[in-house]
Protein chains: 2
Amino acid sequence: MGKTRSAPTLNDVAKASGVSTATVSRCLNSPERVIETTRKRVLQAVKTLGYTPNFAAQVMAANRSFTIGAIIPTMDNAIFARGLQEFQDQLRESGYTLLVSSSAYDPEVEREQIRTLVARGADGLLLIGHARDADVYAYLERHQVPSLVAWSYDPHMHPPSVGFGNAAAMGELAQSVISAGHRHIAMISGNTQGNDRAQARVEGVLRAMDENGLDANSLALIETTYEIEKGAEAFDQLMSLSPRPTVVMCGNDVLAAGALRQADLMGISVPEQVSVTGFDDIELAEVVSPALTTVHVPHREMGRKAARELIAMVEGKSEGRSICIDTRLVNRGSLAKPPRQ
Amino acid sequence: MGKTRSAPTLNDVAKASGVSTATVSRCLNSPERVIETTRKRVLQAVKTLGYTPNFAAQVMAANRSFTIGAIIPTMDNAIFARGLQEFQDQLRESGYTLLVSSSAYDPEVEREQIRTLVARGADGLLLIGHARDADVYAYLERHQVPSLVAWSYDPHMHPPSVGFGNAAAMGELAQSVISAGHRHIAMISGNTQGNDRAQARVEGVLRAMDENGLDANSLALIETTYEIEKGAEAFDQLMSLSPRPTVVMCGNDVLAAGALRQADLMGISVPEQVSVTGFDDIELAEVVSPALTTVHVPHREMGRKAARELIAMVEGKSEGRSICIDTRLVNRGSLAKPPRQ
DNA sequence: ATGGAAAATGCAAGCGCTTACATTGATGGA
DNA sequence: TCCATCAATGTAAGCGCTTGCATTTTCCAT
């Protein structure tokens, strides 16, 4: 009897240990409510049967999943990897599981994935950046799923965000570039469409130029996707401009790595002839040569704080505070004075 | 009435459109079984109510989740990113969702995550490499969850695998190294404990040495974790050996990048004084200088084929075939003849 | 018109769990 | 000795969906 080949259920455990399903459930979820002798017997049965609770059933019954969803634009490069890893570790410590999907920078895919994660009973959601349609937020509202934005910081926006001021950070770097004497500035940006981080970084550069009396319209700007290859292509184009830029500021380290590769290929020496800067300070930045002058983003710290805040929100202990993470410039040598005329 | 603030259910939709829940369910899952007029009405209600099916309930009722789980050792670097991205894309095309977790190379964590994914009703599982305790496989067996191994290939093992021959690929590279004239060979390997890929790569080098009449015991071998920093440290140690190795073969591109960085730091020129090789051919390999001579692994192809095979298994269309993916050497310049004495 | 097959829809039984409430049995103070 | 109290456990009602089977409707050949 009971020789079916399928996974054991709560009921099986209950029978095997001669108690009710309620008691088994309590053994697993609030052991202190069950007397020791019973508990031992039950846990023994759990072990011998190799019982694992059916998650879907738990979610349905308890209306709680201890699952947090995260939707990142891409897993294809390391930009989000480190922060997300820390986010996950922190969640695990608090008994939550992380579900990740990547949207390939496509708002439609992202919308779909948000629905999926909500349908899966995610207790909370981590999103990247604020830029998305209002109906997405309305949907989250209706389903009462707390959400948090990361990699971006804007205390006036909803949802709350744990991140850094992209514009300010890039502005600081731009200031440093200008102070070094550069006047012909180029920028390779990630696509700004639907990407507030990319937008803000461009803005940071423009503002710094403005503040230093440079014509912001003179910025040679190329937008492209965050791929090494694309960075290389863009750099190639920029080099045929006249006057040729003396510095190429990149929207992130990936693009910068592409730019460096292309420079090498073209026999342009960095930083002697052209300076190049990055953003993010992922591992790549240290490994290319010359190593990148870039903006260091404390990804782990961000991941950790985001996790804590989101858990607090999920558990009703916080209404959602925004947290600003400090970035800092890292000088590694890919930025120098422009060459003499 | 019905003014509760929570998400709409099938029942709500049924009432709103004046049909039974069965009909609504059918509208969503097998529309052809419902007459057009009804269907339109129902779908309209779905839209206005903003209904999303409750996933947990679906899984419970249908005992099917259209979810595939993948557990990778790490998200922290790009080794698995590309293949996994393709895996996911392929799954999506077939209507499946991917759930990813990373185990941090810890078998206990991995075991836990396998349980989690199974409990979540994953229809199938993608694992990396074959090396894990038998009870894990027994558990999967009992729960009848089809699983597939990737990044590794061994047609004689269960579960079936879609990957490449790590030993053979590394052996080929080693052959190339030896043919170039190197006699003092060093290797920086990933930790081989519980990592059959790392083991196989070491084995590939040893075998090639043996086949070429070199003493396999003379291989200077350091094991460490797959981090740039660790690669640098290991390289540093190897350089103080005597006789100094003329080539450092690395277990993957990440380690090789670290080695190159350290070489640069120590003023050792690559490949003039010491050659360095990688494995994987991730983007990093093209960006460092000199660009890495490495083994190209067609990650996307592997991801795609793995997805197809696993889906076939899940849908009962395949018993599980193993598929071998071809790798190839990529010569980029970090490997040259050893320097003259 | 009319019977009957086929198409469309409804009914209701679960899926495996949690939990409010009910029941049982000790325990101890009056 | 008796009953209020409390700890331990059991009972059973859902959670929101799918689906086998029953019922109703449609439609056509007669």
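The values are calculated or read from the model by the stated rules, or taken from the named source; none is laboratory data. Keep in mind that what you see is a predicted model, and the values were worked out from it rather than measured. Positions of Cβ are generated from backbone atoms using ideal geometry, with glycine treated the same way; all protein chains shown enter the neighbour counts. Ligands, DNA and RNA are stripped out before the accessible areas are found, and what is left, the full protein with its side chains, is counted by its heavy atoms. Shrake-Rupley method; radii C 1.70, N 1.55, O 1.52, S 1.80 Å.
I'd like to know if region A:6-18 contains one or more residues that are in a loop (DSSP other than H, G, I, E, B), at positive phi, within 16 Å of DNA strand D (Cβ to nearest atom) and without any contact (Cβ under 8 Å) to a residue 24 or more places away in the chain. The answer is yes, given that some residue of region A:6-18 is in a loop (DSSP other than H, G, I, E, B), at positive phi, within 16 Å of DNA strand D (Cβ to nearest atom) and without any contact (Cβ under 8 Å) to a residue 24 or more places away in the chain. Listed by first and then second residue, the pairs linking a residue in region B:21-42 that is under 16 Å from B:P53 (Cβ atoms) and open to solvent by less than 30 Å² (accessible area, probe 1.4 Å) to a residue that is near DNA strand D (Cβ under 9 Å from one of its atoms) and not in a helix (DSSP H, G or I), with Cβ atoms under 9 Å apart and 6 or more places separating them unless they lie on different chains, are B:V24/B:Y51. Against the definition (more than 24 Å from B:D89 (Cα to Cα) and hydroxyl-bearing (S, T, Y)), how does A:S102 come out, yes or no? It is false that A:S102 is more than 24 Å from B:D89 (Cα to Cα) and hydroxyl-bearing (S, T, Y). Which of the residues belonging to region A:133-147 are within 10 Å of chain B (Cβ to nearest Cβ) and aromatic (F, W, Y)? If the condition is that a residue be within 10 Å of chain B (Cβ to nearest Cβ) and aromatic (F, W, Y), then A:Y139 is the only one that fits. Can A:A57 be described as part of a strand (DSSP E or B) and either within 11 Å of DNA strand D (Cβ to nearest atom) or within 12 Å of chain B (Cβ to nearest Cβ) (or both)? Against the criterion (part of a strand (DSSP E or B) and either within 11 Å of DNA strand D (Cβ to nearest atom) or within 12 Å of chain B (Cβ to nearest Cβ) (or both)), A:A57 does not qualify. Check region B:105-115 and report whether any residue there is without any contact (Cβ under 8 Å) to a residue 40 or more places away in the chain, in the same structural domain as B:L148 (by TED's automatic domain parsing) and within 16 Å of DNA strand C (Cβ to nearest atom). Yes, region B:105-115 contains at least one residue that is without any contact (Cβ under 8 Å) to a residue 40 or more places away in the chain, in the same structural domain as B:L148 (by TED's automatic domain parsing) and within 16 Å of DNA strand C (Cβ to nearest atom). Scoring A:E233 on the criteria (1) in contact with a helix residue (DSSP H, G or I) (Cβ under 7 Å, 6 or more places away or on another chain); (2) acidic (D, E); (3) open to solvent by 30 Å² or more (accessible area, probe 1.4 Å) leaves a single failure, condition (1). Looking only at residues in region A:55-76 that are closer than 20 Å to A:R132 by Cα and not small (G, A, S), the one that is nearest to DNA strand C (Cβ to nearest atom) is A:I68. Scanning region B:69-127 for residues that are assigned to a loop (DSSP other than H, G, I, E, B) and over 16 Å from the mean Cα position of the chain (by Cα) yields B:S94, B:G95, B:Y96, B:R120, B:G121, B:A122, B:D123. In region B:69-95, the residue that is nearest to B:V162 (Cα to Cα) out of those that are more than 11 Å from chain A (Cβ to nearest Cβ) and of a type outside the set (A, V, I, L, M) is B:Q90. Of the numbered criteria (1) surrounded by fewer than 23 Cβ atoms within 10 Å (Cβ to Cβ); (2) within 11 Å of chain A (Cβ to nearest Cβ), the one B:R120 fails is (1).
Taking into account only those residues within region B:178-196 that are aliphatic (A, V, I, L, M) and buried (at least 22 other Cβ atoms within 10 Å of the Cβ), which is nearest to B:A232 (Cα to Cα)?
First, the residues of region B:178-196 that are aliphatic (A, V, I, L, M): B:178, B:180, B:185-188.
From what's left, buried (at least 22 other Cβ atoms within 10 Å of the Cβ): B:185-188.
Numbers: B:I185: 17, B:A186: 14, B:M187: 13, B:I188: 10 Å.
Once the filter is applied, the top-ranked residue is B:I188.
Return the only residue of A:T48, A:T52, A:T38 being part of a loop (DSSP other than H, G, I, E, B) and either more than 12 Å from DNA strand C (Cβ to nearest atom) or touching a helix residue (DSSP H, G or I) at 6+ places or on another chain (Cβ under 7 Å) (or both). After ruling out the rest, the residue left standing is A:T52.
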